[in-house]
Amino acid sequence: MFTPRHIKPAKMNRPVRTLSIRMLFFCCLLGALVQSPAWAEAPQLIRIGAFNFYPGIFQDTDGAIKGFYVDALAEVAKRENLRIEYVYGSWAEGLERIQSGEVDLLTSVAYTPERARFLDYAKTPLLTVWGELYVPVSSEIDNITKMQNKRVAVMKNDFNGRSFIELAKSFGITCEYVEVAGFEEVFQAIADKQVDAGVVNSTYGVPKQREFKLRSTGVVFNPFDIYFAAAKNKNAALLNLLDDYLKKWRTQEDSIYLKARERWAHGTIEKVQVIPHWLLLAVGFLGFITLLAIAFIVLLRRQVARTTHAIVQREASLRASNEMTRLLLDSTAEAIFGLDLHGICTFCNAACVRILGYEHADQLVGKNMHELIHYARGDGSPLHDRDCVILQSAFNAKNSHVVDEVFWRSDRTSFPVEYWGHPIRRGDKILGTVVTFVDITDRRQLEESYVFLSQSGYQYPGENFFEALARHIAVNLSLDCVCIYRLKGNGLLANTEAIYHDGKLKDNIQYALEGTPCGEVLTQTIRCYPQGVREMFPQASLLQELQAESYIGATLWSFDGQPIGLIAGMSCKELVNVQQAESILKLVSLRTASELERTQAAEELLQKNMEIERFTYAVSHDLKSPLITIKTFLGYLQQDLANANLEAIEKDMRFMRTATEKMTRLLDELLRMSRIGRIVSAPVNVTFTHLMEEVLATVAGAIQSRGVDVQVQKESLVLYGDRPRLAEIWQNLVDNAVKYMGDQQAPCIEIGIHAQGKETVFYVRDNGMGIDPNHSHKIFGLFDKLDPQTEGAGLGLALVKRIVELYKGRIWVESEGLGLGSCFQFTLPEALNYQGEKRHEWRTNSDITGRG
Amino acid sequence: MNGEPIVILLAEDDPAHAEIVRRNMENSRIANRLEHVTDGQQALDYLYRRNGFSDPAKSPRPGMILLDLRMPKVDGIEVLTTVKSDPELARIPIVILTTSAAEMDIAKAYDHHANSYLVKPVDFSQFTELLETLGYYWLAWNQSPY
């Protein structure tokens with residue numbers, strides 16, 4: 001900001017002022033010379049009788065005689081070198097004085113024959129006047145007839161007064177007349193209510209009526225001329241002179257006489273100065289000189305102003321340029337500071353001050369920056385200035401770039417920094433160095449997360465990936481608690497894979513997600529509540545328990561886009577760097593999701609391996625068992641043959657036959673088992689009713705021989721899948737039901753479908769032996785049989801379970817207990833997913849978009 | 001050893017194998033009474049005198065148990081665990097007689113304090129020899145707690 005008045009005005013104006021002082025001195029000298037009366041002749045004295053005849057002539061309150069006669073006479077006196085002296089008195093006194101020779105001249109004298117006897121009159125009248133009757137503004141008098149018996153003031157010996165008395169007489173009106181000294185006294189008497197009306201002449205009445213709050217009645221009379229007059233035969237020359245001037249001035253438009261009359265007649269009481277000729281000359285000259293000086297001054301001032309403006313502009317643009325440089329420096333996100341060759345800070349920008357934790361640049365400028373911000377390494381060991389890359393870059397005139405050091409803040413905490421040092425050159429000379437730096441804490445955190453991911457969390461021995469990750473996130477983002485969840489079933493429950501809280505790993509828990517921020521997260525990839533999260537989710541027990549203020553969560557997506565878990569972080573404080581937290585969670589969530597999938601797959605693989613192991617074990621046992629039987633009884637058979645023990649022989653043979661039959665069945669079932677998932681027929685649509693007809697046809701023999709009543713629910717539901725494999729489910733279940741019917745007198749099997757929540761559940765219910773709930777978990781295992789007496793190798797239900805699982809379903813059995821029948825229930829989500837032609841359209845579309 | 005020969009409880013689901021044991025005892029002239037149950041559930045019922053085994057005369061307390069591992073309902077290991085963890089029954093010697101030679105089964109059996117573990121041989125003479133030796137060892141030489 002600047003204004004021109006800030007620019008040293010005294011200095012700029014000094015020559016101008018000196019000049020004007022000199023000119024003034026010169027003019028004064030000139031004026032004094034002009035005023036000198038050295039060449040003037042002694043003037044002739046004229047005495048004039050003055051009386052109050054406003055505005056022609058009157059005595060003002062200051063005692064001076066004024067009026068337009070006086071102005072005109074003064075002009076005449078100036079031109080004719082006369083000296084005028086006024087003798088003031090009443091009109092009557094004036095008449096006496098002219099006769100006694102006390103005065104030379106009277107003004108405003110009306111012509112009467114008796115005055116003509118002792119007076120000479122000038123030929124040109126001074127002016128024409130008439131008498132006028134004045135009353136107070138409020139008076140009712142507006143014509144002469146209303147004047148009967150009124151008191152009227154008149155001036156003593158006044159021509160006008162006399163004329164009014166004559167006029168009244170001619171109308172037969174009688175009035176009481178009060179004589180006073182002059183017109184002013186007449187007006188004063190009316191104003192003071194001593195009289196009802198008064199007579200003055202028009203020259204006095206018009207300008208003065210307002211002053212006394214009077215008005216004219218409109219009664220005018222006796223117009224007459226008034227003249228200059230002198231004593232008889234005494235001053236004829238003076239009268240002739242005055243006559244000449246009057247004649248000329250009365251016709252001349254801008255004459256002094258008419259101007260003065262104009263001015264006085266309007267009641268203004270300005271003084272009319274009659275200026276001497278020499279003074280006018282002097283003033284004119286002085287005015288010219290002053291104008292000249294002013295012109296000179298104006299020119300000079302303009303020149304000065306122009307120069308000043310240029311300087312001011314130059315300064316302003318310089319200031320603006322400095323301002324812009326400062327703004328540019330302060331607007332960069334990078335911190336910048338400059339050092340001289342001694343390592344002393346010469347400037348620094350706003351980012352530098354802020355990042356280093358100072359309040360003002362003055363705290364850094366002039367200081368040794370190495371000692372202030374660069375005195376130690378990240379581990380706290382001292383960093384000597386001889387090892388300081390910044391200082392070296394100045395001395396060696398080389399650019400430097402460092403990413404693995406720290407700077408120290410004013411509070412003696414450090415932060416990782418990336419900085420660049422560049423020498424400042426002027427020509428060949430190095431003036432210092434400019435250092436640019438950025439706080440790379442965020443980048444370091446991300447890098448650490450990268451390192452963590454690349455090492456799969458192995459830096460913490462004895463912890464699995466999830467535990468190590470929870471610890472890593474908590475430490476890196478300063479969170480009080482980090483949980484990694486694996487979703488279960490319908491996604492409303494989750495098991496934790498790791499809980500890191502208060503610097504320790506905690507035991508895993510199961511957690512209901514409804515009403516928690518975790519539940520909210522699952523609809524999106526990342527969700528953050530930087531503050532007030534506890535109040536937003538009053539139901540979330542974990543948040544309440546932790547007294548959490550902020551929350552951040554990231555969903556873990558499976559390879560096929562399903563939410564399978566989440567990472568949740570909580571803090572008792574507000575989350576400051578939301579963006580950084582989100583970046584890190586996004587970064588780790590991909591790897592974490594794949595780890596969840598991997599561990600899930602590993603778990604499933606383990607299950608499968610165990611199943612295979614169990615299978616191998618069971619097969620080896622179940623095959624070995626009949627083999628032992630056969631071989632042993634072969635031995636007995638040999639003995640019995642030798643003894644010719646027919647009964648024993650028969651028995652041995654029976655045991656051996658049973659064993660071989662058992663082996664055959666076992667091998668058959670194994671073959672069927674191996675077909676599941678290996679031999680796949682093309683999937684087709686089949687209604688439930690059709691499928692059941694097919695199933696019942698295959699097991700018709702067994703049903704009939706046991707006399708079982710089979711009820712099938714009529715249902716138009718369409719199943720989609722490998723038809724023979726689907727049929728096998730019901731075949732085995734019906735077979736199983738018939739087999740375990742026990743001694744039921746009215747055996748019955750019900751087949752149907754019912755809805756359970758969102759799921760479609762199939763069921764096969766019988767009223768047979770039922771299952772001891774203690775053993776129900778075993779029945780789906782390979783070769784598990786509850787009744788060793790029944791036929792079959794114990795693979796039937798295991799087979800059903802495998803087919804159901806192939807369609808992503810599950811199977812379970814409900815039984816009230818032994819003898820109370822059992823109900824096998826199962827779901828087949830995959831067989832219900834796609835129906836009709838629509839399925840093909842969907843597949844085609846997805847193939848085009850590349851999602852398939 | 002008192003005068004009464006001990007009762008042997010055979011828990012075996014395969015009737016053929018039970019017949020082998022029975023026949024072998026007969027051939028070896030082992031006169032001990034043999035009680036046969038066909039699954040683990042029955043074995044426990046027998047030992048705790050439940051579900052038709054309540055008569056002490058019909059179901060006397062065994063002095064030795066021959067226990068198969070793979071049985072329906074309750075398997076051999078479960079029976080073993082139950083018996084060995086019950087102070088009333090824990091002293092009864094339990095000889096595992098099974099087709100399984102799996103290391104896991106052997107380890108598990110001994111972990112649960114099985115007294116012996118025998119694998120049924122596939123060979124006839126070996127099987128008969130085993131059963132003979134078993135009889136001599138456990139019934140003639142071995143000191144029974146009962």
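In µm²/s, what is D for segment A:468-622 at 25 °C and 0.890 mPa s, where D = kT/(6 pi eta Rh) by Stokes-Einstein and Rh is the Kirkwood radius from Cα pairs? Don't skip to the end; give the middle numbers.
Working: Rh = 16.3 Å.
It diffuses with D of about 150 µm²/s by this estimate.
Rounded, prolate or oblate: which fits segment B:1-48 when a ≥ b ≥ c are the square roots of the eigenvalues of the alpha-carbon gyration tensor, with rounded for a/c under 1.5 and prolate only if a/b beats b/c? Mind dumping the intermediate values first?
Numbers: a/c = 4.49, a/b = 1.19, b/c = 3.79.
Since a/c reaches 1.5 but b/c is at least a/b, the shape of segment B:1-48 is classed as oblate.
For A:485, A:245, which order do you get if you count the other beta carbons within 10 Å of each Cβ and list the fewest first? Show your work: numbers first, answer last.
On the way: A:485 30, A:245 20.
So the ranking, lowest neighbour count to highest, is A:245, A:485.
Pairs of alpha-carbon atoms within less than 8 angstrom and 6+ residues apart define the contacts here; what relative contact order does chain A have, in percent?
Values: 1379 pairs, mean separation 51.7, N = 852.
Normalised by residue count, the contact order of chain A is 6 percent.
Please state the relative contact order of chain B as a whole percent: Cα pairs under 8 Å, 6+ residues apart?
On the way: 210 pairs, mean separation 36.2, N = 146.
Taking the mean separation of contacting Cα pairs over the length of chain B, I get 25 percent.
In whole Hz, what ³J(HN,Hα) sequence does segment A:588-594 give by Karplus (6.51, -1.76, 1.60; θ = phi - 60°), x for Gly and Pro?
With coefficients 6.51, -1.76 and 1.60, one gets 7, 5, 4, 5, 5, 4, 5 Hz.
With the dipole of chain B worked out from charges on the C-beta (+1 for Lys and Arg, -1 for Asp and Glu) around the Cα centre, which of B:7, B:28, B:74 lies farthest toward the positive end?
B:7
With the cut-off at 1.5 for a/c, could you classify segment A:682-838 from its C-alpha gyration tensor as rounded, prolate or oblate? It would help to have the intermediate numbers written out before the result.
Numbers: a/c = 1.74, a/b = 1.49, b/c = 1.17.
The shape class here is prolate.
With 10 angstrom as the radius, rank A:393, A:100, B:28 by how many other C-beta atoms surround their C-beta, starting from the fewest.
Working: A:393 24, A:100 9, B:28 16.
So the residues, fewest neighbours to most, are A:100, B:28, A:393.
Using a Cα-Cα cut-off of under 30 Å, which lysines could be cross-linked to residue A:367, ignoring same-chain neighbours fewer than 8 residues away?
A:398, A:429
Give A:78/A:248; A:778/B:108; A:608/A:631 a once-over and call out the pairs whose C-alpha atoms are over 24 Å from each other. Let's see the in-between values first.
Working: A:78/A:248 16 Å; A:778/B:108 19 Å; A:608/A:631 34 Å.
Among A:78/A:248; A:778/B:108; A:608/A:631, the Cα-Cα distance tops 24 Å for A:608/A:631.
State the Kirkwood hydrodynamic radius of chain B in Å, one decimal place, computed from all pairs of distinct Cα atoms.
Computed over Cα pairs of chain B, the Kirkwood hydrodynamic radius comes out at 15.3 Å.
Based on Cβ point charges of +1 for Lys and Arg and -1 for Asp and Glu, what charge dipole magnitude is obtained for the protein assembly as shown about its Cα centre, in debye rounded to the nearest 20? Walk me through the numbers on the way to the answer.
Values: 107 positive and 123 negative charges, 1234 e Å.
Dipole about the Cα centre, nearest 20: 5920 debye.
Find which of B:85, A:455, B:145 sits farthest along the positive direction of the dipole of the protein assembly as shown, computed with +1 on the beta-carbon of Lys and Arg, -1 on that of Asp and Glu, about the Cα centre.
The residue sitting most towards the positive pole is A:455.
As a footprinting exposure proxy, order B:141, A:557, A:264, A:278 by other Cβ within 10 Å, with the fewest listed first. Provide the component values of the computation, followed by the final result.
Numbers: B:141 7, A:557 19, A:264 25, A:278 16.
The order, fewest Cβ neighbours first, is B:141, A:278, A:557, A:264.
Under 18 Å between alpha carbons, and skipping anything fewer than 8 positions from residue A:193 in its own chain: which lysines qualify?
A:146, A:150, A:208, A:213
Quick one: go through segment A:108-122 and flag any residue whose amide nitrogen is under 18 Å from the point 7 Å out along the Cα-to-Cβ line of residue A:241.
From segment A:108-122, the list is A:108, A:120-122.
Take the alpha carbon gyration tensor of segment A:130-225, find the square roots of its eigenvalues, order them as a ≥ b ≥ c, and report rounded if a/c is under 1.5; if not, report prolate when a/b exceeds b/c, else oblate.
On the way: a/c = 1.33, a/b = 1.12, b/c = 1.18.
Taking the square roots of the gyration eigenvalues as a ≥ b ≥ c, segment A:130-225 is rounded.
With label points built 7 Å along Cα→Cβ from the Cα atoms of residue A:225 and residue A:252, find their separation and express it in nm.
The modelled label-to-label distance comes out at 2.0 nm.
Let me spell out the model: positive unit charges on the Cβ of Lys and Arg, negative unit charges on the Cβ of Asp and Glu, origin at the Cα centre of segment A:682-838. What dipole size does that give, in debye rounded to 20? Intermediate values should be presented prior to the final figure.
Working: 14 positive and 20 negative charges, 76 e Å.
Charge dipole, segment A:682-838, about its Cα centre: 360 debye, nearest 20.
Angle between the Cα long axis of helix A:723-739 and the longest principal axis of chain A, 0 to 90 degrees, nearest 10?
For A:723-739 against chain A, the angle is about 60 degrees.
Values quoted throughout were computed directly from the atomic coordinates according to the rules given, and no laboratory measurement underlies them. Computed from a prediction, not measured in an experiment: that's the story for all the values here. Don't worry about glycine lacking a Cβ; one is built from the backbone with ideal geometry, like all the others, and counts go over all protein chains shown.
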